[in-house]
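Single-structure report; data block below.
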Amino acid sequence: MTRRQTYIAAMDCGSTNFKADVFDSSLRRVGEHSEPLEYRRTPAFRVEFEPETAWRTGTRVIRKACADAGLKTDAIGVLAFASQANTFCLLDDVSRPVVPFLSWQDRRASREAAFLNRRMKAGFHRHCSWPYVFPALQAA
């Protein structure tokens, strides 16, 4: 019996594009694909995207990276993800999205961030990896 090669798909859910690369067991890149992510931007400093859009874009990018490698998706044995800084979505009690993803570029909480910076002063960095509160940080 021969052992079937397992491939690795690495996906970057970036703030400009969703990108996927497929690697063989020797870590040679054998396939890739990238697509822009569709955002909704409003005059009120909102920058968000729909969870369904992220899901469709992500699955399409992985499928196309596999196709570029000449593989079916079931050849992938490992899937690794990296994502946007501080982009989040609230879920209900059965893990369904209840709001759009709020991008790290979102600025709707500017007043709240300013308040927290005044309140926390220079000590904020002791609580997380950021030097100060910015509007898209979940704390704001």
Just to confirm the number: angle between the C-alpha axis of helix 110-120 and the first principal axis of the chain, 0 to 90 degrees, nearest 10? 70
Rg (one decimal) and Dmax (whole number) from the Cα set of the chain, in Å, equal 18.9, 66
With labels modelled as points extended 7 Å from the Cα through the Cβ direction, what inter-label distance (nm, one decimal) is found for THR42 paired with ASP74? 4.5
Would you look at the GNM of the chain, springs on alpha carbons closer than 10 Å, and say which of TRP130, TRP104, TRP55 moves the most? TRP130
Using a cut-off of 24 Å between alpha-carbon atoms, which lysines can reach LYS19, once sequence neighbours fewer than 8 places away in the same chain are excluded? LYS64, LYS72
Report, in deg cm²/dmol and to the nearest 500, the calculated mean residue ellipticity at 222 nm for the chain, where each DSSP H run with n ≥ 4 adds -39500 (n - 2.57) and the sum is divided by the residue count. -6500 deg cm²/dmol
So, with a 1.4 angstrom probe, what is the percent of accessible area on segment 64-140 that is carbon and sulfur? 57
About the Cα centre of the chain, how large is the charge dipole given +1 on each Lys and Arg Cβ and -1 on each Asp and Glu Cβ? Please answer in debye to the nearest 20. 420
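Set the Förster radius R0 to 41 Å, insert the Cβ-Cβ distance between TRP104 and GLN5 as r into 1/(1 + (r/R0)^6), and round the FRET efficiency to 0.05. Spell out each step's value before the answer.
Details: r = 37 Å, r/R0 = 0.90.
Efficiency computed from Cβ-Cβ geometry: 0.65.
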Expected max-MSF residue from THR16, THR73, THR42 in the GNM of the chain (alpha carbon, under 10 Å) is THR42
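The values are calculated or read from the model by the stated rules, or taken from the named source; none is laboratory data. Owing to the predicted nature of the structure, the values given are computational and were not obtained by experimental measurement. Note that each Cβ is placed from the backbone with ideal geometry, even for glycine, and that neighbours are counted across all protein chains shown. Heavy atoms of the whole protein, side chains included, go into the accessibility calculation; ligands, DNA and RNA do not. Shrake-Rupley method; radii C 1.70, N 1.55, O 1.52, S 1.80 Å.
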